[in-house]
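Before any comments, here is the structure.
No value in this document is a laboratory result; all are computed from the given coordinates. What you are looking at is a predicted structure, and each value in this text was computed from that prediction instead of being measured. Cβ placement follows ideal geometry from the backbone for every residue including glycine, while neighbour counts extend to all protein chains displayed.
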């Protein structure tokens, strides 16, 4: 009897196990893929969820056996282990034990390879904070690159993460190209055989160009993998590839590369900027902006406005008249007060009344629907289109200064001209001559260069209203004055940038040295300035002869 | 730098201690033993008195103490040896050699976790093998020692031993020595494997392709080596065909050219500057400020780590090391090898013309009595790099007159080394151990095994604690207890600082309140005056026993000598002797305690 009961119990257990296998299999069967056909099953529920939410390591990035081993070895306590290691890293940093600091960072990232902030934070730590601790620039460069390598490792473990990709672009560009030691860093970077693959041509071993490539990868990740950009607006995010091309072009010129190479670099920058202008960029309020299409959207506003009004001519005015008639006497009296004499409260009331009197496209469409039901569909379509074009146009107007759109557009354009290329080359050669203790040649080259600058300002008067070029030109003029001092010569009467200095030299470093106006044959300059003012329309800002307030611009944001 | 505190000569440490200590180590040991003995005696008597009455209790206590002391004094070496042998056999039965297999497995896959392209891979590899060995051996010693006796008692196999004429003291000592032997054997194998691993991984050479070399100005050639161990060197070879590489990853190589230029072969030697065990002679550091006044420390430049202080450049500020016993007999080669490490703090990086150059500094040797100075030697500071200066015996003084290093610049064997920063608005930072004389090097191999002997010392302490705990606790509880001692021993310094109020955030209760209330360490507690006083009083009460416990605990971090070996400094015999003495002291003390605990148990009576 007891043997029989035991047998029955075993059979029941087997059946229960068999039954349980069904839900277990449904839940956790692994995904399979045939090595021959490439086909396979998507696995159980958990495997599918992992695939859907891109949670498996294969979706996230490279699978590293060392990382997996360390994770397993911590027996599920990797959070605690990472915390302890983080503390240890801080201690090593404090006690300046850089070898162990660096090794500890490796261990942290092996434990938590998909914790993006660790890569970002510690790469910054290496490139910015640790490198700063070293006095020798070669040591500093080593640690800058160590941070960049660290970040690049992070991009392998976290494929298509726009944050890390963007940081790569930033580190390569800014940390190497904008550090105090940028001249030395760029030289070391070009010669860095450990970092560059052997087949990368020397002209491509440029921090700005490589940084731009990483920005492009970040853009690709955002465009194709629905990844979010965190910590910066989409507008800023997408402006950087073109901006890095601009910096590349400017940097090679500062290093003495001119002619066709420089022209091509600026031409590419102009194309990149145009491409950026064409990009449809989402805004925080679910609207869009397309920086390069301001004219188009303004025309759209105008066209839709006219078409909507044409559906019921005079109706908008009639609605407004109706509303005016409904105003109280008190409201009319406030409206009648001249603008200058209105108090703060009255101004607020007037603003409120103005909003009330304004007929919006949808209000107009609604009235058309009441009066002409057959035109309702068209009226609402036009109202929608008008509203959209209006929002985008005002987004563009508001957003352009955020990335200094107009300045960079103009800069990429004028830098390609023969005058600009020659001006840069002459000034560069003048500086070299001055450094080589030949002030006469330096003066001659500078004066030729400044003449070219005069021509550039005549053609692009708006360019100096932006801080970058205005300040740069001031530095050139200051250097010219130093060269004149070496020659014991005053600023000549025919100094071609007199008015630029008068408007731009806020700190009065050069203005006081200018010869008196009566001695200056500035009539030709005035003439050219008049011509220049006629060309103001190309950028909408004051030219060189504009009043000082118009000349001074705010520094660019990027 | 590894030598942050002064190392006393062994006998001074043992008998008198340093200037901050009231006693030497030996008097402290006796004080601790006597105090513990008195406390144990009183405790034992009280318990006995409660159970058997004051007279009977006193009699029993007396008999335990007298009998115990007699027993301890008549240990039989033969029986201790037999028990130790049994312990070794038991350890082998418990698969202790698995530890070795795990260690070898770790070494095999170490390359996956360790990147060779570190600024100092030697340091990384040495600290890795020593640290991995420490953890494995200490864990092994822990598990072996805590479970052995409780298992014997639980399985009653202990009766086969105690029925023989064996004293409890012999059981305890036999266990301790047996496990120590097993640990020593395992450690020896690990040491050998680690040595081979480090030497194979770090030892390397480079190839040089003849076509990559170019003619150098003034004759000779220069170029680059091929890549090995994730780095390459710039190389300079003179006209005679001898040369050397620059220093990368903390080492350099000698290069020898054979054959003519067309069919030249280049022999690159092994790495130099690693596999070192420097024997530094440290001096006393003092400072002079910008106005020439004596100061015990230089300026703080705001570093969190206050180890180094700074002197201002372009002023009278100087760092002055005074060395003793600078005699011709000690420096037989006839020159004075000075090694200097400098930190630089720039208030500005300098313009583009000077940003690529180190800050200029100067070294002057000076007689502390006569004030006679050597001619100034200038140098450019390079951080995290040991600048080696070999000062010749024949020198010029500041006026250009010839002088003798030992005859003219030392007074009773004392010599001053003055270091100054020459650049305005820039600073040099230094600590006492940043400048030292190096009369000789010790063998790296010997030093490496000295590093392993420091693990051996720690292992002895863990075994002693483990066996002692296992005499009165069950296996798992003994393990927890020993683990707690091990962990607290690793944080002994921190516990002492909490107990003495040297850390921010207050004692245990105050810091708990701060954590729960998310208050920072620096702000005043916002619990009200009365409550704060109560909290701090309670903390003061808690921290006293904490101080007592922390003072008794072994300082495992102090016993570890990983950094000495990895940073290339010789572990001095005095230091090693101090560590061995500490471990023997624990062994003796814990043996006595373990004996009395075991004696109180039924099985051993």
Proxy exposure order for A:273, A:98 (fewest C-beta within 10 Å first) is A:98, A:273
What percent of all Cα-Cα pairs in segment A:259-325 falls in each 10 Å bin, counting up from 0?
-> 17, 24, 23, 20, 9, 6, 2
Return, for the Cα atoms of segment B:1-59, the radius of gyration and Dmax in Å, separated by a comma.
-> 19.5, 61
Tell me the label-point distance for the pair residue B:537, residue B:516, using the 7 Å Cα-to-Cβ offset, in nm and rounded to one decimal.
-> 2.0
Taking B:28, B:321 and counting other C-beta atoms within 10 Å, the order from fewest to most = B:28, B:321
Using only Cα atoms, figure out Rg for segment A:194-346 and give it as a multiple of 2.2 N^0.38 Å.
-> 1.76
Under a no-solvent Debye model with one identical scatterer per Cα of segment A:447-509, what's log10 I(q)/I(0) at q = 0.12, 0.30 Å⁻¹?
-> -0.28, -1.58
Take residue A:72, project a point 7 Å from its Cα along the Cβ direction, then tell me which residues of segment B:65-105 have their backbone nitrogen under 18 Å from it.
-> B:101-105
Label-point gap, in nm, between residue B:47 and residue B:131 - each point 7 angstrom along Cα→Cβ = 4.1
Please list the radius of gyration and Dmax for chain B, considering alpha-carbon atoms only, with Å as the unit.
-> 30.0, 102
Rounded to the nearest 10, the angle in degrees between the Cα long axis of helix B:77-93 and the longest principal axis of the Cα atoms of chain B comes to 70
Take every Cα-Cα pair in segment B:210-346 and report what % of them are more than 24 Å apart.
-> 58
Segment B:247-318: Kirkwood hydrodynamic radius (Cα pairs, Å) comes out at 17.0
For each of A:91, A:466, A:380, B:253, count neighbouring Cβ atoms within 10 Å of the residue's Cβ, then give the residues from fewest to most.
-> A:91, A:380, A:466, B:253
Normalise the Debye intensity by I(0) for segment A:79-179, one equal point scatterer per Cα, no solvent, then take log10 at q = 0.11, 0.17, 0.18 Å⁻¹ and round to two decimals.
-> -0.30, -0.72, -0.81
Sites residue A:328 and residue A:398 - FRET efficiency at Förster radius 41 Å, r taken between beta-carbons, to 0.05 | 0.70
Arranged from highest to lowest average of other beta-carbon atoms within 10 Å per residue, in what order do the peptides A:231-244, A:282-295, A:165-178 appear?
-> A:165-178, A:231-244, A:282-295
Rh (Kirkwood; distinct C-alpha pairs) - segment B:500-605, Å = 18.1
Mean separation of Cα pairs under 8 Å and 6+ residues apart, divided by the residue count of segment B:276-315: what relative contact order is that in percent?
-> 31
Taking the simple approach of a point 7 Å from Cα along Cα-to-Cβ for both residue A:317 and residue A:31, what is their distance in nm?
-> 6.7
Mind jotting down the distance between the C-alpha centroids of segment A:341-359 and segment B:402-440, whole Å?
-> 81
Note the per residue figure in Å³ for the convex hull of the C-alpha positions in segment B:309-441.
-> 114
Between segment A:472-520 and segment B:466-491, how many Å separate their Cα centres?
-> 83
Fully extended contour minus Cα-Cα distance, from residue B:82 to residue B:258, at 0.36 nm per residue | 57.0 nm
Kindly state, to the nearest 0.05, the FRET efficiency for residue A:307 paired with residue A:502, given R0 = 56 Å and r defined as their beta-carbon distance.
-> 0.65
For chain A, taking Cα atoms only, what is the radius of gyration to one decimal and the Dmax to the nearest whole Å?
-> 33.2, 130
Principal-axis tilt of helix A:78-94 within chain A, Cα atoms, nearest 10 degrees | 40
Across 10 Å bins from 0, what is the distribution of all Cα-Cα pair distances for segment B:380-535, in whole percents?
-> 7, 16, 17, 20, 19, 13, 6, 1
Starting from the alpha-carbon convex hull of segment B:150-237, give the projected area averaged over all orientations, in nm².
-> 10.9
Length gain on complete extension for the stretch residue B:407 to residue B:348, per 0.36 nm per residue less the alpha carbon to alpha carbon distance?
-> 17.0 nm
Theoretical FRET efficiency, 1/(1+(r/R0)^6), r = Cβ-Cβ of residue A:227 and residue A:359, R0 41 Å, to 0.05 = 0.45
For segment A:104-221: relative contact order, % (alpha-carbon pairs under 8 angstrom, 6 or more apart) | 25
Using only atoms on other chains, find how many Cβ atoms lie within 10 Å of each Cβ of peptide A:91-99 and report the average.
-> 5
Give the Debye-formula value of log10 I(q)/I(0) at each listed q (0.04, 0.09 Å⁻¹), with one equal scatterer per alpha carbon of the protein assembly as shown, two decimals each.
-> -0.37, -1.34
Percent relative contact order for chain A, counting Cα pairs under 8 Å at least six residues apart, stands at 8
To the nearest 500 deg cm²/dmol, what mean residue ellipticity at 222 nm is calculated for chain B from DSSP H runs of n ≥ 4 alone, each contributing -39,500 (n - 2.57), summed and divided by the residues?
-> -15500 deg cm²/dmol
Label point 7 Å out from residue A:196 along Cα-to-Cβ: which residues of segment A:221-254 have amide N under 17 Å?
-> A:248-249, A:251-253
Based on the Kirkwood radius over alpha-carbon pairs, what value in µm²/s does the Stokes-Einstein equation return for the translational diffusion coefficient of segment B:449-490 at 25 °C and 0.890 mPa s?
-> 228
For segment A:285-358, what does the equivalent ellipsoid look like in terms of its semi-axes, each the square root of 5 times an eigenvalue of the Cα gyration tensor, given largest first in whole Å?
-> 31, 20, 10
Compute the length gained on full extension between residue B:477 and residue B:493: take 0.36 nm times their separation in residues and subtract their Cα-Cα distance, giving the result in nm to one decimal.
-> 3.2 nm
Please give the helix B:573-599 orientation as an angle from the longest Cα principal axis of chain B, in degrees from 0 to 90, rounded to the nearest 10.
-> 10
